[in-house]
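The values are calculated or read from the model by the stated rules, or taken from the named source; none is laboratory data. As the structure is a prediction and not an experimental result, all values here were calculated from the model. Quick reminder, even Gly has a Cβ in these numbers, built from the backbone with ideal geometry, and neighbours come from all protein chains shown. In case anyone asks, the SASA skips ligands and DNA or RNA and just uses the protein heavy atoms, side chains included. Shrake-Rupley method; radii C 1.70, N 1.55, O 1.52, S 1.80 Å.
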Amino acid sequence: MYSLDNIYKSFDNNQVLKGVSLEIPKNKTTVLIGPSGSGKTTLLRCINLLEIPDSGTVNVNGSSMTFHEEQKVKYSSNEIRNIRMKTGMVFQNFQLFPHKTVLENIMEGPITVLKKDRAECEKEALSLLEKVGLSDKRDAYPGQLSGGQQQRIAIARAIVNEPRVLLLDEPLGALDAFTRMNMQDEILRIWKETGMTAIMVTHDVDEAVYLSDKVVVMTPRPGRITGTLDIKLARPRARSSEDFLHYRAEILRQLHYGGTIKEPNYYI
């Protein structure tokens, strides 16, 4: 079970999230979309407790934590670590170590955090490099790679520990349009192979429809969920199909950026 219940979060008396509750479908892809300031990234970071909610409950695959602002409930570092170890995080700016090779970047977490055997870690890292199509770059440094290649390494590093949940914070925002579309397919391929639950933040409406099983629409001041939409389209999805455009228009309508469009004749 993956869920957030009545989450509140403020920074310096600025309320970022107000009473956010969300059921996250297991083994599916959920996309959070909304304008800047709607709390998407903060909500994502609350899932793996990189940000601690002021109040509310976080459920991640059987591990549940409830926070009370007045009672100031404290959890141990081991309890928080237990939830974090069930998640993998992919950031927009890659966050690779520039002084380490591609192989060393992927091995960093298992060796330093999980204390795994180096030979075992190298075997797992090489397998992931093959999956993301970068086996020939094992000895390269991040600065020698393209943006798309760096993002693939960042994804490989996030999933090397076999997390239950993959969190993606606008991971494709820094890429050009064509690389971005290719990486969308790469994310879908990796998600399908691993069977993980994926939760992604984006500002791109087309990307939300293309990638997600469920779209969560958020609005700012303070951040809250104003609507959800199940995307009932088979994959691969045609970006110019009538049904695709219907979902696109509906998300824009919920974001107050579009008019109306007639219902499609059918859903696949």
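Can you pull out the residues in the range 241-258 that are among the hydroxyl-bearing types (Ser, Thr, Tyr), modelled with pLDDT of 95 or more and surrounded by fewer than 19 Cβ atoms within 10 Å (Cβ to Cβ)?
Of the residues in the range 241-258, the ones among the hydroxyl-bearing types (Ser, Thr, Tyr) are 241, 247, 257.
Those left that are additionally modelled with pLDDT of 95 or more: 241, 247.
Selection gives Ser241 alone.
Go through the range 39-71 and count every residue that is open to solvent by 60 Å² or more (accessible area, probe 1.4 Å), of a type in the set (A, V, I, L, M) and either in contact with an Asp or Glu (Cβ under 6 Å, 6 or more places away or on another chain) or part of a strand (DSSP E or B) (or both).
The number of residues fulfilling the criteria is 0.
Among the residues of the range 19-37, which ones are in a loop (DSSP other than H, G, I, E, B) and either within 17 Å of Leu211 (Cα to Cα) or in contact with a Lys or Arg (Cβ under 8 Å, 6 or more places away or on another chain) (or both)? Steps first, please.
So the first thing to find is which residues in the range 19-37 are in a loop (DSSP other than H, G, I, E, B), and the list is 25-28, 34-37.
Pro25, Lys26, Asn27, Lys28, Gly34, Gly37 - these are the residues of the range 19-37 that are in a loop (DSSP other than H, G, I, E, B) and either within 17 Å of Leu211 (Cα to Cα) or in contact with a Lys or Arg (Cβ under 8 Å, 6 or more places away or on another chain) (or both).
Provide a single number: the residues in the range 188-204 that are open to solvent by 20 Å² or more (accessible area, probe 1.4 Å) and within 18 Å of Thr41 (Cβ to Cβ).
Step one: of the range 188-204, the residues open to solvent by 20 Å² or more (accessible area, probe 1.4 Å) are 188-189, 191-195, 203-204.
With the extra rule that they be within 18 Å of Thr41 (Cβ to Cβ), the set shrinks to 203-204.
Selection size over the range 188-204: 2.
Quick check, is Arg221 under 19 Å from Lys26 (Cα atoms), modelled with pLDDT under 95 and surrounded by fewer than 14 Cβ atoms within 10 Å (Cβ to Cβ)? I'd like the intermediate steps shown before the answer.
Values: under 19 Å from Lys26 (Cα atoms): no; modelled with pLDDT under 95: yes; surrounded by fewer than 14 Cβ atoms within 10 Å (Cβ to Cβ): yes.
When the stated conditions are applied, Arg221 does not pass them.
Which residue pairs have Cβ atoms under 8 Å apart, sit 6 or more places apart or on different chains, and have a first residue in the range 1-15 that is assigned to a loop (DSSP other than H, G, I, E, B) and a second that is surrounded by 15 or more Cβ atoms within 10 Å (Cβ to Cβ)?
Met1/Asn59; Met1/Asn61
Tell me, which residue of the range 146-161 that is assigned to a loop (DSSP other than H, G, I, E, B) and within 13 Å of Ile106 (Cβ to Cβ) is modelled with the highest pLDDT?
Within the range 146-161, the subset assigned to a loop (DSSP other than H, G, I, E, B) is 146, 160-161.
Adding the requirement that they be within 13 Å of Ile106 (Cβ to Cβ) leaves 160-161.
On the way: Val160: 87, Asn161: 82.
Among those residues, the one meeting the criterion is Val160.
Within the range 21-34, is even one residue open to solvent by less than 40 Å² (accessible area, probe 1.4 Å), within 17 Å of Ser64 (Cβ to Cβ) and of a type outside the set (Val, Ile, Thr)?
yes
Exactly one condition in (1) among the basic types (Lys, Arg); (2) over 23 Å from the mean Cα position of the chain (by Cα); (3) under 28 Å from Arg45 (Cβ atoms); (4) open to solvent by 60 Å² or more (accessible area, probe 1.4 Å) is not met by Lys131; state its number.
Of the numbered conditions (1) among the basic types (Lys, Arg); (2) over 23 Å from the mean Cα position of the chain (by Cα); (3) under 28 Å from Arg45 (Cβ atoms); (4) open to solvent by 60 Å² or more (accessible area, probe 1.4 Å), the odd one out for Lys131 is (2).
Would you tally the residues in the range 1-26 being acidic (Asp, Glu), in contact with a strand residue (DSSP E or B) (Cβ under 7 Å, 6 or more places away or on another chain) and farther than 12 Å from Pro53 by Cβ? Full working, then the answer.
Filtering the range 1-26 for residues acidic (Asp, Glu) gives 5, 12, 23.
Then keep just the ones that are in contact with a strand residue (DSSP E or B) (Cβ under 7 Å, 6 or more places away or on another chain); that gives 5, 23.
Filter again for farther than 12 Å from Pro53 by Cβ, leaving 23.
Residues flagged as acidic (Asp, Glu), in contact with a strand residue (DSSP E or B) (Cβ under 7 Å, 6 or more places away or on another chain) and farther than 12 Å from Pro53 by Cβ within the range 1-26 amount to 1.
Taking Val216 as meeting all but one of (1) within 23 Å of Leu129 (Cα to Cα); (2) under 18 Å from the mean Cα position of the chain (by Cα), write down the number of the exception.
(1)
Tell me whether the range 35-50 contains one or more residues that are of a type in the set (Gly, Ala, Ser), within 20 Å of the chain's Cα centre (by Cα) and closer than 21 Å to Leu166 by Cβ. Break it down stepwise before answering.
Filtering the range 35-50 down to residues of a type in the set (Gly, Ala, Ser) leaves 36-39.
Right, trim to within 20 Å of the chain's Cα centre (by Cα) and you get 36-39.
Still in the list and also closer than 21 Å to Leu166 by Cβ: 39.
Yes, the conditions are met somewhere in the range 35-50.
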